[in-house]
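Engineer: Here's a structure for you.
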Amino acid sequence: LNKGRHGVPLDKLPKILAEIREFLHDLSTDLGIEDDSGWQGVDFRNGSLDFAAVKNSLVDDAKYLTFQQSARNVILNQPDDRISRRTRSQYAKIATPIDADEVVDIGLPQEQAGVVQPGEEEQFEWYELTKQAAEQIQALAQAKVKALASIQGIIHSVFIENDDPHFQLRELSSQSLIKC
């Protein structure tokens with residue numbers, strides 16, 4: 001964060017870190033990886049805010065590789081059925097506090113590298129998140145999707161005299177509210 005500049009404004013720092021933490025939590029939740037133990041910043045380096053985020057609990061290699069691939073798909077804005085729109089939107093929120101000319105660099109272990117230890121920077125692939133890219137991701141994540149399907153449920157509420165007339169249905173099996 002803020003590479004090539006002098007320091008990071010303190011009002012931005014906690015906001016960006018909170019969005020990163022929330023993104024890691026959402027991604028873990030989407031993939032069924034227990035996230036009660038949280039994440040920890042390690043291997044801080046000088047020059048900018050540069051650190052590695054490490055899960056506080058052990059994760060087996062299969063889940064680790066799934067996490068890396070899904071994170072890569074979110075970063076590259078590629079389809080992945082395992083990832084929710086909320087997680088994609090949360091990834092874009094990381095760039096909310098930065099200025100238009102700033103960049104957040106995100107490194108992921110190279111696919112062939114397997115499990116990478118903190119400090120092995122040469123084994124990372126780096127991606128840039130700009131404010132403009134985040135706005136595009138956010139727009140796609142929040143876009144309405146029209147679909148034809150059938151569901152069973154109980155009508156929960158009806159909004160007739162609204163700019164967007166609709167009703168909400170409580171789906172029988174999951175008890176989720178679905179806007180129709």
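The values are calculated or read from the model by the stated rules, or taken from the named source; none is laboratory data. Values in this document were obtained by computation on a predicted structure and should not be read as measured data. Neighbour counts run over all protein chains shown; Cβ positions are idealised from the backbone, glycine included. Note: areas computed on protein heavy atoms with side chains; ligands, DNA, RNA excluded. Shrake-Rupley method; radii C 1.70, N 1.55, O 1.52, S 1.80 Å.
Engineer: With every protein chain kept in place and ligands, DNA and RNA left out, what is the accessible area per residue of the chain? Probe 1.4 Å, answer in Å².
Structural biologist: For the chain, the per-residue accessible area is 64 Å².
Engineer: Of the listed pairs Lys15/Lys144; Lys12/Lys146; Lys131/Lys179, which have alpha-carbon separations greater than 32 Å here?
Structural biologist: Beyond 32 Å between Cα atoms: Lys12/Lys146.
Engineer: If you don't mind, there's one more thing I want to ask. Taking H placed 1.01 Å from N in the peptide plane, check which residues at least 5 places from Asp50 or on another chain put their amide H under 5 Å from its amide H.
Structural biologist: Arg45
Engineer: Give me the compactness ratio for the chain, meaning the Cα radius of gyration over 2.2 N^0.38 Å.
Structural biologist: With N residues counted in the chain, Rg over 2.2 N^0.38 Å equals 1.22.
Engineer: Of the listed peptides 35-44, 100-109, what is their order by residue-averaged count of other C-beta atoms within 10 Å, with the highest listed first?
Structural biologist: Output ranking for 35-44, 100-109: 100-109, 35-44.
Engineer: Could you work out the Rg to Rh ratio of the stretch 20-95, with Rh taken as the Kirkwood radius (inverse of the mean 1/r over all Cα pairs)?
Structural biologist: 0.97
Engineer: Express the carbon and sulfur contribution to the solvent-accessible surface of the chain as a percent, rounded to the nearest whole number, probe 1.4 angstrom.
Structural biologist: 54
Engineer: With springs connecting C-alpha atoms under 10 Å apart, model the chain as a Gaussian network and identify which of Asp50, Asp26, Asp11 has the largest mean-square fluctuation.
Structural biologist: Taking springs between Cα atoms under 10 Å, the residue moving most is Asp11.
Engineer: Anything in the chain that counts as a DSSP H helix reaching 15 Å or more along its axis (C-alpha) with Kyte-Doolittle mean of at least 1.6? List them, would you?
Structural biologist: Length and hydropathy pass: none found.
Engineer: Once phi is turned into θ = phi - 60°, what whole-Hz ³J(HN,Hα) does the Karplus curve with 6.51, -1.76 and 1.60 give for every residue of the stretch 155-163, x standing for Gly and Pro?
Structural biologist: 5, 8, 7, 10, 10, 8, 8, 10, 4
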